[in-house]
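Readers should treat all values here as calculations from the given coordinates under stated rules, not as data from a laboratory. Since this is a predicted model, take the numbers as computed values, not measurements. When we count neighbours, we look across all protein chains shown, and the Cβ atoms used for this are built from the backbone with ideal geometry, even at glycine.
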Amino acid sequence: MTSEKWIDISQPLREDIAHWPGDTPFSYEVVFRKSETGSVNIGKMVTSLHTGTHIDAPFHFLENGTRVTDLDINIFIGPCLVIDVSQHELIDVEVLKKFEIKGSKRILLRTSARRDLTVFPKKIPLLTLEAIDYLKNQDITLIGIDLPSVDQIDSKELPIHHRIYKHGIYILENVLLDHIKPGKYELSALPLPIEYADGSLVRAAVRPLSNKNGVGV
């Protein structure tokens with residue numbers, strides 16, 4: 001057992017958080033004040049399920065895909081490996097081979113992502129289909145990334161989403177990893193049990209499993 005503290009890797013949900021162009025922006029308001037109810041303040045939140053740190057259910061990109069409440073929550077809890085690929089705009093097999101990934105099950109990729117969370121990026125690093133195949137061969141079951149999508153922003157076909165699904169891997173997007181050293185961690189990124197949903201906001205956090213960070217070059 002580790003005695004290390006959990007570290008938040010979630011994007012703060014606030015009025016100016018970037019959202020997909022044309023999608024529902026995040027908003028929060030107090031709709032009832034304690035002065036009105038006599039006992040409590042009550043807030044209301046409106047948002048897309050793909051704003052900030054979130055998971056994708058297969059229904060997000062498949063007409064008859066699995067919904068959030070059908071997913072095994074154990075996918076989103078357990079050991080993970082954080083690797084730094086921020087020196088590469090193309091994340092391919094050759095890049096991934098620099099790291100000892102086998103046996104990790106869950107992998108979080110720290111990329112050269114934008115750092116201003118109020119601005120939606122026009123361009124993001126490219127994951128290749130072959131890279132997803134490679135991660136499958138390393139027995140990865142969850143891919144987390146500090147980007148709003150595993151596919152390119154302007155993609156309509158979403159080939160990476162579909163290849164990930166084909167391999168039985170699940171997707172965690174928009175995590176914050178700038179303050180996380182590469183290495184082995186325990187991950188918790190549980191989705192909300194939103195019935196029939198195509199995705200869910202999550203509160204994602206990691207805590208170190210060891211002090212060894214020499215997992216790649």
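In Å, what is the Rg of the alpha-carbon atoms in the chain, and how long is Dmax?
Both quantities, over Cα of the chain: 17.8, 62 Å.
Would you mind giving the average projected area, over all directions, of the Cα convex hull of the stretch 106-214 in nm² with one decimal? Mind dumping the intermediate values first?
Working: hull surface 31.7 nm².
So the Cα hull casts an average projection of 7.9 nm².
Counting Lys and Arg as +1 and Asp and Glu as -1, what is the net charge of the other residues whose Cβ lies under 10 Å from the Cβ of LEU147?
On the way: positive: ARG114; negative: ASP146, ASP151, GLU173.
Counting the neighbours of LEU147, the net charge comes to -2.
Considering only the other residues whose Cβ falls under 15 Å of the Cβ of GLN138, what net charge follows from Lys and Arg at +1 and Asp and Glu at -1? Mind showing how you got there, number by number?
Values: positive: LYS97, LYS98, LYS102, LYS105, ARG106, LYS136, ARG163, LYS184; negative: ASP92, GLU94, GLU100, GLU130, ASP133, ASP139.
Here the count lands on +2.
So if I take the centroid of the Cα atoms in the stretch 6-24 and the same for the stretch 65-134, what is the distance between those two points in Å?
The two parts, judged by their Cα centres, are 18 Å apart.
Which lysines, if any, have their Cα less than 23 Å from the Cα of LYS97, not counting same-chain residues under 8 positions apart?
LYS97 reaches LYS105, LYS136, LYS166, LYS181, LYS184, LYS212.
Find the percent of Cα-Cα distances in the stretch 47-116 that exceed 20 Å, and round it to a whole number. Intermediate values should be presented prior to the final figure.
Values: 1204 of 2415 pairs.
Of all Cα-Cα distances in the stretch 47-116, 50 percent exceed 20 Å.
Between ASN41 and LYS123, what is the FRET efficiency for a Förster distance of 30 Å, r being their Cβ-Cβ separation, to the nearest 0.05? Mind showing how you got there, number by number?
Numbers: r = 41 Å, r/R0 = 1.37.
Calculated value: 0.15.
Please list 135-147, 49-61 highest first by mean number of surrounding beta-carbon atoms within 10 Å per residue. Intermediate results must be reported in sequence, preceding the final value.
On the way: 135-147: 20.8, 49-61: 22.4.
Per-residue mean Cβ counts within 10 Å order the peptides as 49-61, 135-147.
With an 8 Å Cα cut-off and a minimum separation of 6 or more residues, compute the relative contact order for the chain in percent. Can you show the working numbers first?
Numbers: 484 pairs, mean separation 64.6, N = 217.
Computed over the chain, the figure is 30 percent.
Among 119-128, 36-45, how do they line up from the highest to the lowest mean number of other beta-carbon atoms within 10 Å? Present the calculation step by step, with values, prior to reporting the outcome.
Numbers: 119-128: 15.9, 36-45: 9.9.
Going by the mean number of other Cβ atoms within 10 Å, highest first, we get 119-128, 36-45.
Once the mean 1/r over all distinct Cα pairs of the stretch 56-173 is inverted, what Kirkwood radius in angstroms do you read off? All intermediate terms of the calculation are to be shown ahead of the outcome.
Details: mean 1/r = 0.0681 Å⁻¹.
Answer for the stretch 56-173: a Kirkwood hydrodynamic radius of 14.7 Å.
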